[in-house]
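The values are calculated or read from the model by the stated rules, or taken from the named source; none is laboratory data. Since the model is a prediction, treat every value here as computed from it, not as a measurement. Because the Cβ atoms are built from the backbone with ideal geometry, glycine has one as well, and the counts that use them run over all protein chains shown. Protein only, heavy atoms only, side chains kept; ligands, DNA and RNA dropped before computing areas. Shrake-Rupley method; radii C 1.70, N 1.55, O 1.52, S 1.80 Å.
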Amino acid sequence: MTLKMQGPQTSAEIGRRHRITGEAARQQLMKLHEDGLVEEERRSAGRGRPATYWHLTDKAQARFPDTHADLTVDILRSISEVLGPDALDRVIKEREATTLARYRQSLSECRTTRERLEKLAELRTAEGYMAEVVEEDGNLRLIENHCPICAAAAFCQGFCRAEKAVFQSALGPDVEIQRDEHIVGGGRRCTYLVRE
């Protein structure tokens, strides 16, 4: 979970995070490595020997919620092939409208951009996105550490476009949203910079 939420880390960093020694963390990582769940990567940072960073493998990624990926993609493909691409666009637009209505209702009591973004992260986490809000250099960033609809989004990019549009509409016209990282585009997670 630490590597999923925080990205690649050294055993010392993991040890500090969990209040154990770096060696104890390394022993646990070695067990996960034997199971094919983590891999190591050596990174040089100037002088001295390279640091070893640990990251999740595809096998480990598969242990996180997938929302029945194969079935979803099969249904989307069938809609597109049997009813046509326009039908798939209509399905995505309907999902977008339903999601936006639910988000707007949930965010209606929030007064500030920060409150709305925190509430949005809470809603997204409940949907399986493992979302959080961080502040960096005075800007807010919505981070989604997991995508439970990744297979559907990879099949049809309309889902990702729709989500960004929903975020923009739900958070209001006084904010600008920019996607920085994108799982479908090869990123470790999806991140959105939110500026007022």
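Of all residues in the stretch 74-92, one or more are in contact with a Ser or Thr (Cβ under 9 Å, 6 or more places away or on another chain) and either free of Cβ contacts under 8 Å to residues at least 40 places away in the same chain or under 26 Å from GLU176 (Cβ atoms) (or both). Of the residues that make up the stretch 162-175, is at least one assigned to a loop (DSSP other than H, G, I, E, B), in contact with a strand residue (DSSP E or B) (Cβ under 6 Å, 6 or more places away or on another chain) and aliphatic (A, V, I, L, M)? Yes, that holds for at least one residue.
Considering only the stretch 157-167, state which residues are among the hydrophobic types (A, V, I, L, M, F, W, C) and open to solvent by 20 Å² or more (accessible area, probe 1.4 Å). Working first, answer last.
First pass over the stretch 157-167, keeping only residues among the hydrophobic types (A, V, I, L, M, F, W, C): 159-160, 162, 165-167.
ALA165 - this is the single residue of the stretch 157-167 that is among the hydrophobic types (A, V, I, L, M, F, W, C) and open to solvent by 20 Å² or more (accessible area, probe 1.4 Å).
Only residues that are in a loop (DSSP other than H, G, I, E, B), over 30 Å from ASP74 (Cα atoms) and open to solvent by less than 50 Å² (accessible area, probe 1.4 Å) were counted in the stretch 110-153, giving 1.
Quick grid of which residues meet (1) at pLDDT below 95; (2) polar (S, T, N, Q):
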{"site": "ASN145", "(1), (2)": "yes, yes"}
{"site": "CYS156", "(1), (2)": "yes, no"}
{"site": "GLU163", "(1), (2)": "yes, no"}
{"site": "PHE167", "(1), (2)": "no, no"}
{"site": "ASP174", "(1), (2)": "yes, no"}
{"site": "ASP180", "(1), (2)": "yes, no"}
{"site": "ILE183", "(1), (2)": "yes, no"}
{"site": "GLY187", "(1), (2)": "yes, no"}
{"site": "ARG195", "(1), (2)": "yes, no"}
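Only one residue in ARG49, ARG43 is in contact with a strand residue (DSSP E or B) (Cβ under 7 Å, 6 or more places away or on another chain), surrounded by fewer than 17 Cβ atoms within 10 Å (Cβ to Cβ) and of a type in the set (Lys, Arg). Which one?
ARG43
Listed by first and then second residue, the pairs with beta-carbon distance under 8 Å, at least 6 apart or on different chains, first residue in the stretch 99-114 and over 21 Å from VAL134 (Cα atoms), second of a type in the set (S, T, N, Q) and part of a helix (DSSP H, G or I), are LEU100/SER169; ARG104/SER169.
Based on this model, can you work out whether LEU76 counts as open to solvent by less than 60 Å² (accessible area, probe 1.4 Å) and under 21 Å from the mean Cα position of the chain (by Cα)?
On the way: open to solvent by less than 60 Å² (accessible area, probe 1.4 Å): yes; under 21 Å from the mean Cα position of the chain (by Cα): no.
It is false that LEU76 is open to solvent by less than 60 Å² (accessible area, probe 1.4 Å) and under 21 Å from the mean Cα position of the chain (by Cα).
Which residues, taken from the stretch 157-196, are farther than 18 Å from MET130 by Cα and of a type in the set (D, E, K, R)? Within the stretch 157-196, ARG161, ASP174, GLU176, ARG195, GLU196 meet the criteria. I want to confirm something. Restricting to the stretch 168-191 and keeping residues that are free of Cβ contacts under 8 Å to residues at least 60 places away in the same chain and closer than 17 Å to TYR103 by Cα, which single residue is surrounded by the fewest Cβ atoms within 10 Å (Cβ to Cβ)? For the stretch 168-191, the residue satisfying everything is PRO173.
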